[in-house]
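The values are calculated or read from the model by the stated rules, or taken from the named source; none is laboratory data. No experiment lies behind these values; they were computed from the predicted model shown. Here the Cβ is made from the backbone with ideal geometry for all residues, glycine too, and neighbour counts use every protein chain on show.
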Amino acid sequence: MNNGTLLLVDDEAEIIKLMQIYLEHEGYRLLTARTGLEALDIVGRETIDLMVLDIMMPEMDGLEACIKIRETRKFPIIMLSAKGQELDKITGLSVGADDYVTKPFSPLELVARIKSQLRRTRSYLGNATKDSGMIIDGLAVNSSTHEVSVEGQPVKLTPREFAILELLARNSGQVLSMEQIYSKVWKEQYLDSNNTLMVHIRKIREKIEDNPRQPKYLKTVWGVGYKIEKGG
């Protein structure tokens, strides 16, 4: 039985041995690392479903490791630390962690947190990718149902706005010129004096971006066009 691959990163051997008993009993494949650098190496060559990451470690601490991992990977990360102050929790969550557990902790509580994160992720991914769906770093676009959501929250777009977003999502990672987008969506030749597309882009950003002025999803490539980055 393999319920998923977990990576436990902690420089305390006792914690690793203890959690190994609990997690393997629950049917997880467990990988372990003692430093942030070891964790990065494992992430680079293994498919990880969830990581439990200690903050205080030699060579590279958990916060720095989390930042590096979030550049390319989106699996859930649970921070583990002896620091229990509110500011430490906020810092951990702000750099990309999904949950925070304070030492000393109950092994059963940590197992419950792991199961909760995995259920949430698998449910979300399953709903977002079925029926011709595309998911890009939390942005889900469903071509069959014309539904859009951001981090699981539905977003209402007009048919034209959806057509633009769906075109960019289907070509994620590629820059599409204004001429290409306009001709495919409007089925007409683009004129430089026509700012209709830019107005639609602005409206889409207002609906899908936390900060439309610093977009996470719909990027402008100056002098070329627009693109949506590929998800990690």
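Would you mind finding the one in ALA33, ALA65 that is without any contact (Cβ under 8 Å) to a residue 60 or more places away in the chain, surrounded by 18 or more Cβ atoms within 10 Å (Cβ to Cβ) and under 17 Å from the mean Cα position of the chain (by Cα)?
Values: ALA33 fails: under 17 Å from the mean Cα position of the chain (by Cα).
None of the others qualify; the one that does is ALA65.
Using the structure shown, decide if ALA82 is more than 22 Å from the chain's Cα centre (by Cα), outside the structural domain of GLY138 (by TED's automatic domain parsing) and free of Cβ contacts under 8 Å to residues at least 24 places away in the same chain. Working first, answer last.
Values: more than 22 Å from the chain's Cα centre (by Cα): yes; outside the structural domain of GLY138 (by TED's automatic domain parsing): yes; free of Cβ contacts under 8 Å to residues at least 24 places away in the same chain: no.
So ALA82 does not fit the description; no.
Checking the conditions here, which among GLN85, GLN20 is of a type in the set (S, T, N, Q) and modelled with pLDDT under 90?
Working: GLN20 fails: modelled with pLDDT under 90.
On inspection, the qualifying residue turns out to be GLN85.
Within region 31-44, track down each residue that is of a type outside the set (Val, Ile, Thr) and either closer than 15 Å to LYS68 by Cα or not assigned by TED's automatic domain parsing to the domain that holds SER116 (or both). Explain how you work it out, then say what you get.
Quick first cut of region 31-44, residues of a type outside the set (Val, Ile, Thr) only: 31, 33-34, 36-41, 44.
Matches in region 31-44: GLY36, LEU37, GLU38, ALA39, LEU40, ASP41, GLY44.
In region 158-200, which residues are part of a loop (DSSP other than H, G, I, E, B) and closer than 19 Å to GLU229 by Cβ? Let's see the steps before the verdict.
Going through region 158-200, the residues part of a loop (DSSP other than H, G, I, E, B) turn out to be 158, 171-175, 187-195.
The answer is ASN171, SER172, GLY173, GLN174, VAL175.
Provide a single number: the residues in region 49-62 that are surrounded by fewer than 19 Cβ atoms within 10 Å (Cβ to Cβ) and on the phi < 0 side of the Ramachandran plot.
Qualifying residue count, region 49-62: 4.
Take the residues in region 93-134 that are more than 19 Å from THR72 (Cβ to Cβ) and of a type in the set (Asp, Glu), then tell me which one is modelled with the lowest pLDDT.
Only one residue tops the list, namely ASP131.
Any residue in region 9-30 that is crowded, with 22+ Cβ neighbours inside 10 Å, assigned by TED's automatic domain parsing to the domain that holds LEU87 and closer than 21 Å to THR91 by Cβ?
The answer is yes; a qualifying residue exists.
One line per residue, one yes/no per condition, for (1) surrounded by fewer than 16 Cβ atoms within 10 Å (Cβ to Cβ); (2) aliphatic (A, V, I, L, M); (3) over 20 Å from the mean Cα position of the chain (by Cα):
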| position | (1), (2), (3) |
| --- | --- |
| ALA163 | no, yes, yes |
| ARG170 | yes, no, no |
| LEU176 | no, yes, yes |
| GLU179 | yes, no, yes |
| VAL185 | no, yes, yes |
| LEU191 | yes, yes, yes |
| HIS200 | no, no, yes |
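Which one of the conditions (1) surrounded by 13 or more Cβ atoms within 10 Å (Cβ to Cβ); (2) touching a residue at least 24 places away in the same chain (Cβ under 8 Å); (3) hydroxyl-bearing (Ser, Thr, Tyr) does TYR100 fail to meet, given that it meets all the rest?
Of everything listed in (1) surrounded by 13 or more Cβ atoms within 10 Å (Cβ to Cβ); (2) touching a residue at least 24 places away in the same chain (Cβ under 8 Å); (3) hydroxyl-bearing (Ser, Thr, Tyr), TYR100 misses just condition (2).
Within region 40-54, identify whether any single residue is out of contact with any strand residue (DSSP E or B) (no Cβ under 7 Å at 6 or more places or on another chain) and more than 27 Å from ILE135 (Cα to Cα), and answer yes or no.
Among the residues of region 40-54, not one is out of contact with any strand residue (DSSP E or B) (no Cβ under 7 Å at 6 or more places or on another chain) and more than 27 Å from ILE135 (Cα to Cα), which makes the answer no.
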